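The values are calculated or read from the model by the stated rules, or taken from the named source; none is laboratory data. Owing to the predicted nature of the structure, the values given are computational and were not obtained by experimental measurement. As a convention, Cβ positions derive from the backbone with ideal geometry for all residues, glycine included, and neighbour counts pool all protein chains shown. Just the protein is used for accessible areas: all its heavy atoms, side chains included, with ligands, DNA and RNA removed. Shrake-Rupley method; radii C 1.70, N 1.55, O 1.52, S 1.80 Å.
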Number of protein chains: 4
Amino acid sequence: MDSWRSALVNHNETDIWMRGYEIGALMKRASFPAVVFLLHRGELPTPGEEKLLNAILIASADHNSGAPSVATARLVASGNRQSLSAAVGAGMLAIGNEHGGAGEQCMEMIGRVAKAARDEGISIEQAAINAVAAARASGKRLPGFGHRRHTTDPRVAVMFDMAREVGVAGDGVATITAIEQALAAAVKALPTNVDGALAALLYDMGFPPSAGKLLFMVGRVAGLTAEVAEEHAREKPMRIKFPVVYDGVPPRELP
Amino acid sequence: MDSWRSALVNHNETDIWMRGYEIGALMKRASFPAVVFLLHRGELPTPGEEKLLNAILIASADHNSGAPSVATARLVASGNRQSLSAAVGAGMLAIGNEHGGAGEQCMEMIGRVAKAARDEGISIEQAAINAVAAARASGKRLPGFGHRRHTTDPRVAVMFDMAREVGVAGDGVATITAIEQALAAAVKALPTNVDGALAALLYDMGFPPSAGKLLFMVGRVAGLTAEVAEEHAREKPMRIKFPVVYDGVPPRELP
Amino acid sequence: MDSWRSALVNHNETDIWMRGYEIGALMKRASFPAVVFLLHRGELPTPGEEKLLNAILIASADHNSGAPSVATARLVASGNRQSLSAAVGAGMLAIGNEHGGAGEQCMEMIGRVAKAARDEGISIEQAAINAVAAARASGKRLPGFGHRRHTTDPRVAVMFDMAREVGVAGDGVATITAIEQALAAAVKALPTNVDGALAALLYDMGFPPSAGKLLFMVGRVAGLTAEVAEEHAREKPMRIKFPVVYDGVPPRELP
Amino acid sequence: MDSWRSALVNHNETDIWMRGYEIGALMKRASFPAVVFLLHRGELPTPGEEKLLNAILIASADHNSGAPSVATARLVASGNRQSLSAAVGAGMLAIGNEHGGAGEQCMEMIGRVAKAARDEGISIEQAAINAVAAARASGKRLPGFGHRRHTTDPRVAVMFDMAREVGVAGDGVATITAIEQALAAAVKALPTNVDGALAALLYDMGFPPSAGKLLFMVGRVAGLTAEVAEEHAREKPMRIKFPVVYDGVPPRELP
């Protein structure tokens, strides 16, 4: 079998290095969000980037069992008490484009709109107007706007303010803001949601689109583990019953 | 269906609270490890506890594909490129008592030895000697000692030093150290491994044993996400081939 | 890296053998339940065993979303539409001792009671009475009896009748029946449930206890895949909302 | 919370019906493959369809640890011995477009080519030639051809012969055969693989493309469960070590 290769972690009998830094030094002097950044990007973050990534992880941590990832983790904990990792891992699986992962598509959208502005020599505002018009014409929904629970998502303004404050806000924040305004003008007011804000910040820090899903997962595992612990501590197994209405064929005889 | 109940997260149309704290305030002023502590324990950590939990999460983050969790995540990424969460979630599933989760059993062992010392009015050192003798008599292996890769695990001394420095080290650190010494005297030198050190620190911070697994998962997701991103970026699907030797019955005819 | 070894499947550039039988011959002349038996046991089943295993797989296939495994699969399908395997795999994870997996513990219980009868030279009936008394004394619940949905589980009598009809019924069926009667005499009428019946039949066919979980999974995947297909076909993503009641601390200021 | 609705399974306190048929009747008189068909399609299969689906499930059951799904299940079993379902579920997660799931894309391709033939009033052979030319022009690989292990996949001819024998072979088999010939003429001989054959048969039986993945999973779980059982029975935990070559930055000091 061929060896696997990796540029992330190296170790020998007495040492471990992450991206070249000795793990003990990181444990003593770096923050966990800085190590997340280091593992994904190869270099430590600036203080501003570290602050933003810390905020993103907290914003993603938990939103209660209304979220499919949280509900899934609790449901698995209800049927399988032998494996904590089965419950947490199952919660992860519920993360996709529809839940927790729209950040990935949103980063791709931001990239396309920002590129169109550059390529066509137009403003980001105009490129956003064009993108909204194109989406309407093709009947597509733009990712990153609206939330089924919040009229205003409290995490969004905090993220944008922080990105401006630390000087990271760039084309990402500008583009998502321009799309929000173009949407409001052409369709209706649909505020940027947490996926959209997270996508704008990750874009401005130079992450690839997949980070829109992967870093959400890093944050969310904080909540999933705590929810599973609460389920074990407070609830009996098999407590969860769903009201299913059968609407198929009536009883019949085998041929 | 009965409502679910939870003391972790509350929200309305414009606000989210974690354990009572408004999420925007946490994003601006708390660290992610502090929020992990908050979600699991209900209160924010002291500065010393925050420093320790931060170090624990970094220590757990990654150890390369020699670890089943990391290898699993990369293997799933190799066969299923549609879902990042499937790869990360699968990596989680490899965490059990045998990999990444010995901390849970180790916390239970620490609890038993510390309790025996209190109940029997003997020193922790004597209780440790008794526990080692009992384990030898029943042929059981004590969790938290030895590592298949490291003669000395570089993460262990850092954790113990830090726990003493911030004044958190208590019965947990004392017990694991006493067991290590009793093992060396009665059997052979088997240094405390990262599971054992993590268990001692979590015990001294008042976490329940399940945290030995759950908080390892919170740290490990940093590495799993980065390893999956590296697999997607650098490797082709289906690259991984295992050399399987068949040792079953030879070809035969159906009856 | 050491080679892996396996006695299950062998292949070369033009052939595949399962337990020594050429796959084309199996596809043409064997039934899928017979191949499940072959893979697990090394030999093809007798016609009676094949009939029983076929019935066990059908009995395990689906029980609607009231079952955690089914509800989990649908919930993951609701948040992650990119990966069918994530939804089906998550459904699997909900299978544990509490749901779908009690057959494993039940087979261990049957084994203990049958062994006690042999070792102590008493009847299975007496060994069952002793086991019920011991369980009551220690406050333990015996696995395999009672169902939260059914007063009489329609699958149980079919399994027992079939096992007698094909001549497979032995100590397993005798033991579970004796325990049911001892329970009714000492505590209350708690009919054998599908886990208990499945366990008795697998025991009488010579399967190890883990088969009580593993073969349930083989059957259940039929339902999980159909339920996920129905979710994709009939429902919108993110349709599932849980009514969560927050009962934690009220809003408070960060220190 | 709104009720869930389903046309698959109904039950009351004493009965269970699958698609209207009483479960005891199915257990006694139907085969497991027929119940798989029933759950997915709403009606029982014809004898020919039942024979084909039985063969498809056997063909998908196992291919040894060279397959990512099997290797994943064994790897998770190596780190997490507490949960059989975690190992089997993880194996499922490795199934995607790249492994075990190409049948889905292949069914979509067959549908497009067959539709083009109808819409344009040309032969399936000509539509296949056009599809191969279009794929070459756009640099895309057509799914369902070639195998990294087999020059001739022994399962393919058996499936095609059986489909013709039972009278199910239609546009699906004709289209995949025509594409294989067009590929051989325009590029090189790349024989239809098991995903392609399975896709042709499922297409001719009227299944939707998602069945190309979902029914492979139903078959594969037979192998995953047997491989996990073998891993537990024959191997020690943590036996699997990967040879990782680190090719990242050398050791360096923290700033």
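Things to note:
- The stretch A:1-44 - residue that is touching a Ser or Thr at 6+ places or on another chain (Cβ under 9 Å) and in contact (Cβ under 8 Å) with a residue 60 or more places away in the chain and, of those, nearest to B:Asp153 (Cα to Cα): A:Val36
- Residue check for A:Gly206: modelled with pLDDT of 95 or more, more than 14 Å from chain D (Cβ to nearest Cβ) and open to solvent by 10 Å² or more (accessible area, probe 1.4 Å): yes
- Residue in the stretch D:118-129 that is acidic (Asp, Glu) and closer than 19 Å to D:Cys106 by Cα present: yes
- Residues (more than 27 Å from the chain's Cα centre (by Cα) and in a strand (DSSP E or B)) located in the stretch B:1-10: B:Trp4, B:Arg5, B:Asn10
- Helices (runs of 4 or more DSSP H) completely within the stretch B:55-167 that count 2 or more residues being among the hydroxyl-bearing types (Ser, Thr, Tyr) and either surrounded by 24 or more Cβ atoms within 10 Å (Cβ to Cβ) or more than 7 Å from every other protein chain (Cβ to nearest Cβ) (or both): B:68-79
- Within the stretch A:77-92, the set of residues being of a type outside the set (Gly, Ala, Ser) and without any contact (Cβ under 8 Å) to a residue 60 or more places away in the chain comprises A:Asn80, A:Gln82.
- Residue match in the stretch D:193-200 (condition: in contact with a helix residue (DSSP H, G or I) (Cβ under 9 Å, 6 or more places away or on another chain), farther than 21 Å from D:Met92 by Cα and either free of Cβ contacts under 8 Å to residues at least 40 places away in the same chain or assigned to a loop (DSSP other than H, G, I, E, B) (or both)): no
- Apart from one condition, C:Gly121 fits all of (1) under 24 Å from C:Ala200 (Cβ atoms); (2) touching a Ser or Thr at 6+ places or on another chain (Cβ under 7 Å); (3) modelled with pLDDT of 95 or more; the exception is (2).
- Filter pass, A:Lys213 being within 14 Å of another protein chain (Cβ to nearest Cβ), on the phi < 0 side of the Ramachandran plot and crowded, with 21+ Cβ neighbours inside 10 Å: yes
- Candidates in the stretch C:23-43 are the residues that are open to solvent by 20 Å² or more (accessible area, probe 1.4 Å) and more than 7 Å from every other protein chain (Cβ to nearest Cβ); of these, the one that is nearest to D:Val221 (Cα to Cα) is C:Arg41.
- Among the residues listed as B:Glu13, B:Glu50, the single one being open to solvent by 10 Å² or more (accessible area, probe 1.4 Å), part of a helix (DSSP H, G or I) and either at pLDDT below 95 or not aliphatic (A, V, I, L, M) (or both): B:Glu50
- Meets criteria (within 14 Å of chain B (Cβ to nearest Cβ), touching a residue at least 12 places away in the same chain (Cβ under 8 Å) and under 17 Å from the mean Cα position of the chain (by Cα)) for D:Arg239: no
The rows are residues; the columns are (1) of a type outside the set (Lys, Arg); (2) assigned to a loop (DSSP other than H, G, I, E, B); (3) in contact with a Gly (Cβ under 8 Å, 6 or more places away or on another chain).
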position: A:Val173; (1), (2), (3): yes, no, no
position: A:Ala184; (1), (2), (3): yes, no, no
position: A:Tyr203; (1), (2), (3): yes, no, yes
position: A:Phe207; (1), (2), (3): yes, yes, no
position: A:Lys213; (1), (2), (3): no, no, yes
position: A:Phe216; (1), (2), (3): yes, no, yes
position: A:Gly223; (1), (2), (3): yes, no, no
